[in-house]
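Below you'll find the structure, written out as C-alpha cells, and then a few comments.
Each reported figure results from applying straightforward, stated rules to the coordinates on display, with no laboratory input. A quick note: this is a predicted structure, and the numbers were derived from the prediction, not measured. Please note: Cβ atoms are built from the backbone with ideal geometry, for glycine as well, and neighbour counts cover all protein chains shown.
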Amino acid sequence: MNMLKNSILNSYILKKLIPTFFINLILLTLILLLDKIFEMAELIISKGVPFFMVMKLLFFLLPSLLALTVPMAIVISYLMVFSEMSANKEIIACYNSGIHPLKLFKLPFFFALFLSFFMIYFNSYILPNSNYKAKKIYSEIQTKKPSAQIIENRFIDNIDGYRIYIEKMDYHRGELKNIIIYDYKDNQNIKTITAEKGKLNIYDNKKILSFNLYNGSVYKYDQKDKTKLLKFNFNNQQINIQYDSPNTPSVSKGDREYTSKEIKKNLAKFKNNLEMVLKKEKTLQKKINNKKVNDKSRKYLQRNYDRIKRNIKHLSNKINELLVEYHKKFALAFSILIFAFVAYPLGIITRKSKKGYSYIISIFLFFIYWICLIGGETLADRGLLTAFASMWLANFIMTIIAIYLNIIVIKGHFYFSFSFLNKIISGIKKHVLNKKN
C-alpha cells in the first residue's frame, strides 16, 4: 500500500516538475537570447548579411546558452514545485501519513541525474562543435560581408596589412566619421591615414573596400631619415583595400572549441613538449654553472636559458588553460545534480507558493555559484589553485549548502522564517525616514 502511495506521489511530482522545468528552460534561454537576437538583427538589417546565414549562426550559438540555462532551470523548477507543495501543506500531510519528504525526491533525483549525464556529453561534444561551427560561420560572414566586421569605436584587425578604426558609421549610406587607417602592407613604407569623414563602397565581385576620405592627413617616415615624420594633408583621397585573398585561411580551434578527446590529445602533446623543454633547462643550467665556461659563452647560454624559461611558462599556462576548460565541462554538468539537492529542501523550508520568490532565490544561488566559479578560474590563472580545485570549488561550496539544508529536512524542520529579512527591511525604511525628517 505504501509503495502504491509513493508511486502515485512520485508520478504526481514528476508531472508537475517536468513541464515546469521545460517552461523555465525556454523562458531563461529566450531571455539570454534577446541580446543575441538584437545583434543578429543588426547583421541582417544594417550590414546586409543573408537571413539564412544569420539564423545558422544563431542556431549554433544556442548550445552555449543551454549550458547555463539548464542548471538555472533546475534550481527554479525544483524551488517552484516543492515550495508550492510545502505552502499547500502537502509535504506536512505526507509526513503525517508516514511518508518522509526525502522519499518524494526519488524521481526528481533520477531526473536531475539523467540531465547531469546528458550535459556531460553535451558539454564535451555538442557544445564545442557548435562553438566551432559558429566561429566558422562568423568568419564566413566577415569574408563575404566585410562591413559586418566594422564595429564603431573598435579597431579592425582582420584585413591583412591594415588596421582600421572608425568612430561612427551609417551602415545604410556607408558614411563614416573620424577614420584612422594604419597601412603596414609594405614594411618599408608604413603610413597612417586620418580623415574627418568619408564614404565606404564595397565591391564584392572584386573583393575591394573602397574608402573615399575627406579632410584628412597622411603620416609616414622619411625614407632617407627614419627619425623624421612627414605629414601630407588632403581634401579628397580614395583608398582601395583588398579584403580577401583567393585562399581564405581556415578557422583554427580555441580552447572552447575543443571536445574532451581533443583536449586530452592536446594536453598529452603539451606535456611531452614540457618534459623535453624541462630536460633542456636542466642541461643548460649545468652548463651555465660550469666554472670552465667563459663569460661570452655563459651570456649566450643565459639568453637561451631565459628563452627556455619563457617557453616553460607558456607551456605550463597552456596546460593549465586546457585543464580548466576540461574540468569546467564536467563541473557544470554535475552542478545540475547539486542544485537539485539544494533547491529541493530549500523549496520545502521556504514554503512560498509565489513564483517570484523562487526566481529571487534562484538568482541569488546562481550568483553565488558563478562568483565561486569565476573566482576559482582567476585563482587558477594566477597559479594559486589547481585547475581541478578552481573548477570544482563552486560545486564543493554548493554541496556543503545542500548537506546543511537536507539535514534540516531530515530532522523534520519544514519551515524557515523570513522574519530576519522583514526586520532588515523595516530597519532600512526607518533609517531612510529618519534621514528625510
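Structure values in brief
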quantity	calculated
Segments 107-119, 179-191, 330-342 sorted - mean Cβ within 10 Å per residue, highest first	330-342, 107-119, 179-191
Estimated distance in nm for a label pair at Met55 and Glu152, the labels positioned 7 Å out from Cα along Cα-to-Cβ	2.9 nm
Residue order, fewest to most surrounding Cβ atoms within 10 angstrom, among Leu79, Leu322	Leu322, Leu79
Calculated FRET efficiency for the pair Ile99/Ser252, C-beta based, R₀ 41 Å, to 0.05	0.10
Which of Ile308, Leu274, Asn290, positive extreme of dipole for segment 262-321 (C-beta unit charges)	Asn290
Ranked by how many other beta carbons lie within 10 Å on average, peptides 309-321, 275-287 from highest	309-321, 275-287
